[in-house]
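One structure is given below, encoded as structure tokens.
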Amino acid sequence: MHSSLAEVFARLDRSRDGLRAAVECVPAHLRDQPPGADRWSVAGILEHLSLVDERFTAIVANKIGDARAAGLGREEGGPSLLPPTVEAMLADRTERRLAPEALHPRGLECGAAWERIEAARAAFRLVLGAADGLALSGVIHDHPRFGALNAYQWGEFLAAHESRHTEQIREIAAQAGTPP
């Protein structure tokens, strides 16, 4: 496996481990309840994360397919990963962001939302894994806020986005009196 892809997969695993731990800190009977007005429940956060993963899995899969059709070659060297400025913007929870309506949760309960997020992540890993060794650093898709990101960077983006929402779940746990 290409070292950049292995690094992305490791980061995705770490972010998922952190998410799992944060969810487990929220009492099960509170996971489907929003912690306040105009806030998402743990289940809603998980559903949102699954929708984001699904959306970008489809985009990255299409971009890789197009690049393969155009003769995508082998990866050479060490491609750049997620820029520190994007990392910092994702980590900064002082600024509340509104997700597009299509990425808002629709009401799954926590168990179903967890199953969906696991399936979405497995699909993303499958798409990237099937392209291992190809020049994924040249497979680019523009994010409306963060700019052009390559396929590796999209994997790291998903991990950083998940970590942002992991902090949100930790806040819910603290509010419930069960901080991690």
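The values are calculated or read from the model by the stated rules, or taken from the named source; none is laboratory data. Computed from a prediction, not measured in an experiment: that's the story for all the values here. Heads up, the Cβs are rebuilt from the backbone with ideal geometry, glycines too, and the neighbour counts pull from every protein chain shown.
Per-residue answers, yes or no, for (1) under 26 Å from Leu98 (Cα atoms); (2) in contact (Cβ under 8 Å) with a residue 24 or more places away in the chain; (3) touching a Ser or Thr at 6+ places or on another chain (Cβ under 7 Å):
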| residue | (1), (2), (3) |
| --- | --- |
| Arg11 | yes, yes, no |
| Ala37 | yes, no, no |
| Leu49 | yes, yes, no |
| Ala58 | yes, no, no |
| Ala69 | no, no, no |
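Screening segment 95-106 for residues that are assigned to a loop (DSSP other than H, G, I, E, B) and touching a residue at least 24 places away in the same chain (Cβ under 8 Å) and picking the one that is farthest from Arg164 (Cα to Cα) gives Arg106. Quick check: is even one residue across segment 80-94 hydroxyl-bearing (Ser, Thr, Tyr), at pLDDT 95 or above and either closer than 20 Å to Ser15 by Cα or not in a helix (DSSP H, G or I) (or both)? Taking every residue of segment 80-94 in turn, none turns out to be hydroxyl-bearing (Ser, Thr, Tyr), at pLDDT 95 or above and either closer than 20 Å to Ser15 by Cα or not in a helix (DSSP H, G or I) (or both). Whether any residue in segment 67-76 is touching a Phe, Trp or Tyr at 6+ places or on another chain (Cβ under 7 Å) and at pLDDT below 95 is what I want to check. No, because not a single residue in segment 67-76 is touching a Phe, Trp or Tyr at 6+ places or on another chain (Cβ under 7 Å) and at pLDDT below 95. From the set of residues in segment 142-156 that are out of contact with any Asp or Glu (no Cβ under 9 Å at 6 or more places or on another chain) and of a type in the set (A, V, I, L, M, F, W, C), which is farthest from Leu90 (Cα to Cα)? Selected residue: Ala151. The residues of segment 70-110 that are among the acidic types (Asp, Glu), surrounded by 12 or more Cβ atoms within 10 Å (Cβ to Cβ) and more than 21 Å from Glu156 (Cα to Cα) amount to a single one, Glu109. Per the listing Ala173, Ala113, the residue uniquely under 16 Å from the mean Cα position of the chain (by Cα) and more than 27 Å from Ala70 (Cα to Cα) is Ala113.
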